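K.L.:
Here you go, one structure.
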Amino acid sequence: MLKKLVFITCLGAVLEFLDFTIVILFANELTLAFLPNAGESGLLWLFAIYSLGSLSRPIGGILFSHYGDKIGRKRLFRLSIIMMSGATLAIGLLPTYSTLGLTSMILLAILRTLQGLSVGGELPGAIVFAAEHVPPRHRGTLTAAIIASALLGLVLASFMGVLLQHNLSTEHINSWGWRLPFIAGSLLGIMGYYLRRGIVETPLFSEIINASAIAEIPLATLFKRQPKAVFIGIGLTATAASMVSIYILLPPYASRYLGFPAEKAFEFTTITLLTLSILSLACGWLSDRVGRKPMLVTGGIILLVIAQPTYEAMMAGSLWFMMALTIVPAAIANGCYVASVSELFPTQVRYTGLAVCINVGVCVFGGCVPYMMELLNQSGYSHGPLMLMLVTGTITVVSSWAMVARHGCSLGHIETLG
């Protein structure tokens, strides 16, 4: 049963993040399709639409987690993936500006918002579903496997870009080829929905049902009893969210500003995210043995040390050297932060706590980054990536230092530990 749970949970993460990421990876092509007359500001508008998905993540997380903490995890676990698949398919079939004019951009923004609502419930739901099933000694490994799977979704999306760049002409990609990843991703998501139909409720949630200990309004309970934990949890996402955002921003950024061929930029992102996925899983496994707190503090300090040379490598077009510098702190953060956040909250509000912390953190430190970087670049300021690494590294160190280490504790507590 546990092996099936791991497979279904990880597959769902792959498919959700494949669908969610395609928009940014094909930003240049979508700009031509939906904003052909916008000139230099077209990409900025596209990044704003991309950011809508991240801004709507906290709302989706609150909605999904409210019911997940009241009626159970499994129903919402199924709903999120079918919602994402429908929105992604609709983007793949959406008429462009040449057919609908500005209406096409409005519809794209609406569908992107639906994607954000979906993924806002999916990742916290997958993490809490897995964390409440697995023994404490494997919690870091399994939750890291979910993040590694989400990263594999990004790898798959980037690899689709590689395939298109090598097999279709630029004209064909711009006219219809960009639709193929959206359609393929949505069909894979529908397959994931059918695999989730047989899942059962988590034993810890079943216990609080039997104990009549369900929170009436989980969000209100969370902020009343756990305000410090919420801010710590948001801070723990900082490095993970920012580094992944920088990696997936590179295909449109490097080809536009650094003169990189598009296919080479996609190849770089594919290899980098695949490496990050593998190392994140290894870091999750290690955190079950040495603890997550010392690893997160160490990762944050490393990021602060390498921030300046990383920025210089990026500006010089030395992307592989940049990857070599950043991959370790990025892997530590991605491998450890979700288990750490899940250990901050009691069962009654764990889904809500995870949803608020992860989605707000990813929105602030990751999802809005492409828009802000493009805005700064068009304003003549190119130091955005450096400042992002310095700020998020500092926040990670402070938040990790402030959290209570619970990597060996059972999550079966109803009242707050410590």
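The values are calculated or read from the model by the stated rules, or taken from the named source; none is laboratory data. Quick caveat, the model's predicted, so the values are computed rather than measured. Heads up, the Cβs are rebuilt from the backbone with ideal geometry, glycines too, and the neighbour counts pull from every protein chain shown. Side chains are part of the model used for accessible areas, which takes the heavy atoms of the whole protein and leaves out ligands, DNA and RNA. Shrake-Rupley method; radii C 1.70, N 1.55, O 1.52, S 1.80 Å.
K.L.:
Taking the residues in segment 10-36 that are of a type outside the set (A, V, I, L, M, F, W, C) and surrounded by 24 or more Cβ atoms within 10 Å (Cβ to Cβ) as candidates, determine which candidate is nearest to S245 (Cα to Cα).
P.N.:
Ranking the qualifying residues of segment 10-36, first place goes to T21.
K.L.:
I need the full set of residues from segment 155-169 which are open to solvent by 10 Å² or more (accessible area, probe 1.4 Å) and either under 20 Å from I271 (Cβ atoms) or in contact with a helix residue (DSSP H, G or I) (Cβ under 8 Å, 6 or more places away or on another chain) (or both), in order please. Before the answer, list the steps.
P.N.:
Residues of segment 155-169 that are open to solvent by 10 Å² or more (accessible area, probe 1.4 Å), as a first pass: 155-156, 159-160, 162-169.
Of everything in segment 155-169, those that are open to solvent by 10 Å² or more (accessible area, probe 1.4 Å) and either under 20 Å from I271 (Cβ atoms) or in contact with a helix residue (DSSP H, G or I) (Cβ under 8 Å, 6 or more places away or on another chain) (or both) turn out to be V155, L156, F159, M160, V162, L163, L164, Q165, H166, N167, L168.
K.L.:
Out of T143, T103, I need the residue that is open to solvent by less than 10 Å² (accessible area, probe 1.4 Å) and hydroxyl-bearing (S, T, Y). Which one? Before the answer, list the steps.
P.N.:
Numbers: T103 fails: open to solvent by less than 10 Å² (accessible area, probe 1.4 Å).
Testing whether each residue is open to solvent by less than 10 Å² (accessible area, probe 1.4 Å) and hydroxyl-bearing (S, T, Y) leaves just T143.
K.L.:
All but one of (1) surrounded by fewer than 21 Cβ atoms within 10 Å (Cβ to Cβ); (2) within 27 Å of N377 (Cβ to Cβ); (3) within 18 Å of the chain's Cα centre (by Cα) hold for A262; state the number of the condition that does not hold.
P.N.:
(3)
K.L.:
Just the residues that are of a type in the set (A, V, I, L, M) and open to solvent by less than 50 Å² (accessible area, probe 1.4 Å), please, taken from segment 37-69.
P.N.:
A38, L43, L44, L46, A48, I49
K.L.:
Something else now. For segment 336-367, enumerate the residues that are open to solvent by 20 Å² or more (accessible area, probe 1.4 Å) and of a type outside the set (F, W, Y).
P.N.:
V360, V362, V364, listed by residue number.
K.L.:
Restricting segment 70-88 to residues that are of a type in the set (A, V, I, L, M, F, W, C) and under 20 Å from the mean Cα position of the chain (by Cα), which is most open to solvent (accessible area, probe 1.4 Å)?
P.N.:
Among those residues, the one meeting the criterion is L79.
K.L.:
Further question: Of P385, P370, which residue is over 28 Å from S287 (Cβ atoms), part of a helix (DSSP H, G or I) and open to solvent by less than 30 Å² (accessible area, probe 1.4 Å)?
P.N.:
P370
K.L.:
Quick one: N377 ticks every box in (1) over 20 Å from L25 (Cα atoms); (2) open to solvent by 10 Å² or more (accessible area, probe 1.4 Å); (3) more than 21 Å from the chain's Cα centre (by Cα) bar one, so which box is it?
P.N.:
(1)
K.L.:
Considering every residue within segment 269-276, establish whether at least one is surrounded by 17 or more Cβ atoms within 10 Å (Cβ to Cβ), among the aliphatic types (A, V, I, L, M), in contact (Cβ under 8 Å) with a residue 12 or more places away in the chain and touching a Leu at 6+ places or on another chain (Cβ under 6 Å).
P.N.:
Yes, segment 269-276 contains a residue that is surrounded by 17 or more Cβ atoms within 10 Å (Cβ to Cβ), among the aliphatic types (A, V, I, L, M), in contact (Cβ under 8 Å) with a residue 12 or more places away in the chain and touching a Leu at 6+ places or on another chain (Cβ under 6 Å).
K.L.:
Which count do you get for residues in segment 248-297 that are modelled with pLDDT of 90 or more and charged (D, E, K, R)?
P.N.:
4
K.L.:
Filter segment 169-203 down to the residues that are assigned to a helix (DSSP H, G or I) and at pLDDT below 65 and list them by number. Give the steps one after another, and end with the answer.
P.N.:
Within segment 169-203, the subset assigned to a helix (DSSP H, G or I) is 170-177, 179-198, 203.
The answer is none; no residue qualifies.
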